[in-house]
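Enquirer: Below are the structure tokens for one structure; questions will follow.
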Amino acid sequence: MNAKIELENEISNQMNNELENKYLLLTPGPLSTSTTVRRVMQRDWCTWDKEYNALVQDIRSRLVAMATAQPEQYSAVLMQGSGSFSVESVLGSAIPQDGKILIINNGAYGARMVQMAHCLNIAVVELRYPEMQIPQLADIEKVLEDESISHVSCVHCETTTGLLNPIQEIGRIVKAKNKVWIVDAMSSFGGVPMDIAELEIDFLISSANKCIQGVPGFGFILAKREQLQACKGLARSVSLDLYDQWNTMEQQDGKWRFTSPTHVVRAFYQALLELEQEGGVTARYQRYLNNQQRLAAGMQALGFEMVLDQNTPQSPIITTFLYPNETDFSFQALYENLKKAGFVIYPGKVTDLNCFRIGNIGEVYLDDIERLLTAIEQYRQA
């Protein structure tokens with residue numbers, strides 16, 4: 001009996017050690033989660049269990065309440081897969097066969113929406129900008145003179161560079177023209193304050209593993225109820241049918257149509273509770289902003305130039321830095337050195353520009369940013 005107890009204790013200790021992160025993920029998601037978020041995934045759930053489905057319904061209600069002070073207008077739909085699955089679900093379910101979408105593209109994720117629209121045989125007008133430039137409102141107004149355009153989409157936080165697109169100003173133009181307004185808020189929802197009713201957003205798309213600080217496995221759509229109803233029968237895919245997914249959750253008290261990521265759902269619920277305990281979106285935004293501002297100031301002091309200039313809205317989510325003008329600089333060497341020091345950063349994604357990215361979100365605090373800056377300074381001096 002004593003041997004069995006010792007073995008169980010050894011296994012328990014080993015599991016606790018494995019739950020501890022070996023390094024911080026300074027990325028735009030997946031990101032470093034709390035120990036408590038990871039720990040709640042140690043239990044199995046039945047998808048037909050009333051307790052589990054009640055959890056799903058609670059998540060849906062909390063998401064809507066987080067998104068707007070006018071919750072009666074909106075409903076939440078959870079969708080298996082990464083955030084891109086949810087984007088494709090909206091594009092493939094909300095736009096009728098005779099519809100046409102204007103996609104505002106100034107980064108990799110706007111470009112991905114264009115790719116999805118072409119693949120789904122949706123008529124698309126692409127308004128394309130360089131990755132470091134925000135969209136021009138006059139251009140959008142001009143393009144929307146085309147009355148056949150029925151929908152408009154844009155990425156809020158384009159993590160290619162870290163810029164924040166002006167969705168409030170764009171939305172005013174979109175709704176003045178009576179178009180359906182789709183916002184990819186993958187890397188901003190839960191970390192940047194917003195009210196989707198005030199912003200007149202028809203469909204907002206985000207993911208479990210971004211600012212709410214859950215783990216990868218599902219995305220979600222916050223949409224006006226009338227717009228969800230209008231999706232009935234339009235889907236170009238069975239598994240990504242937004243109306244069917246929503247209607248099943250509504251009619252069957254939180255039931256997913258197909259196997260749901262149960263452990264991820266439970267972790268997400270815990271992450272929502274921890275977001276509330278932190279003080280809500282406003283408090284989390286302030287933490288992220290403090291992280292980003294200290295990171296930017298510290299990196300510039302170390303000789304790294306930011307890709308975005310002072311006139312371009314910088315998000316508190318992720319920051320892009322140019323390689324220093326040194327012939328012997330190696331991003332891979334910096335990456336490996338920082339990983340040994342307990343940090344993982346991201347390579348750059350800007351076309352034809354040597355750069356790298358550092359995220360500020362997840363379980364990351366000012367002390368962590370200070371440790372990172374110290375590690376980079378030591379690397380530079382070596």
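The values are calculated or read from the model by the stated rules, or taken from the named source; none is laboratory data. None of these values were measured; they are calculated from a predicted model. We place every Cβ from the backbone using ideal geometry, glycine too, and count neighbours over all the protein chains shown.
Enquirer: What about residue 321, is it at pLDDT 95 or above and closer than 25 Å to residue 379 by Cα?
Expert: Here the answer is yes, as residue 321 does meet what is asked.
So that you can scan it fast, the table gives a plain yes or no per residue for (1) within 30 Å of residue 227 (Cα to Cα); (2) surrounded by fewer than 19 Cβ atoms within 10 Å (Cβ to Cβ); (3) small (Gly, Ala, Ser); (4) not assigned by TED's automatic domain parsing to the domain that holds residue 181:
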residue	(1), (2), (3), (4)
59	yes, no, no, no
62	yes, yes, no, no
65	yes, yes, yes, no
69	yes, yes, yes, no
77	yes, no, no, no
81	yes, yes, yes, no
86	yes, no, yes, no
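Enquirer: Quick check, is residue 95 under 30 Å from residue 289 (Cα atoms) and crowded, with 23+ Cβ neighbours inside 10 Å?
Expert: It is false that residue 95 is under 30 Å from residue 289 (Cα atoms) and crowded, with 23+ Cβ neighbours inside 10 Å.
Enquirer: Continuing with this model, one more query. Any idea which residue in segment 151-168 is nearest to residue 309 (Cα to Cα), counting only those that are without any contact (Cβ under 8 Å) to a residue 60 or more places away in the chain and buried (at least 24 other Cβ atoms within 10 Å of the Cβ)?
Expert: In this case the residue turns out to be 158.
Enquirer: Keeping to segment 311-333, report how many residues are assigned to a strand (DSSP E or B), of a type in the set (Phe, Trp, Tyr) and farther than 10 Å from residue 356 by Cα.
Expert: Matching residues across segment 311-333 total 0.
Enquirer: Check 353, 272, 295, 308 and return the single one that is hydrophobic (A, V, I, L, M, F, W, C), more than 22 Å from residue 216 (Cα to Cα) and outside any loop (DSSP other than H, G, I, E, B).
Expert: Exactly one residue qualifies, and that residue is 295.
Enquirer: Moving to a separate point now. Out of 371, 266, 284, which single residue is assigned by TED's automatic domain parsing to the domain that holds residue 61, charged (D, E, K, R) and over 24 Å from residue 133 (Cα atoms)?
Expert: When all the criteria are applied, what remains is 266.
Enquirer: May I ask you to list the residues in segment 173-199 that are over 20 Å from the mean Cα position of the chain (by Cα) and either more than 20 Å from residue 141 (Cα to Cα) or of a type outside the set (S, T, N, Q) (or both)?
Expert: Answer for segment 173-199, where residues must be over 20 Å from the mean Cα position of the chain (by Cα) and either more than 20 Å from residue 141 (Cα to Cα) or of a type outside the set (S, T, N, Q) (or both): 173, 174, 175, 176, 177, 179, 180, 198.
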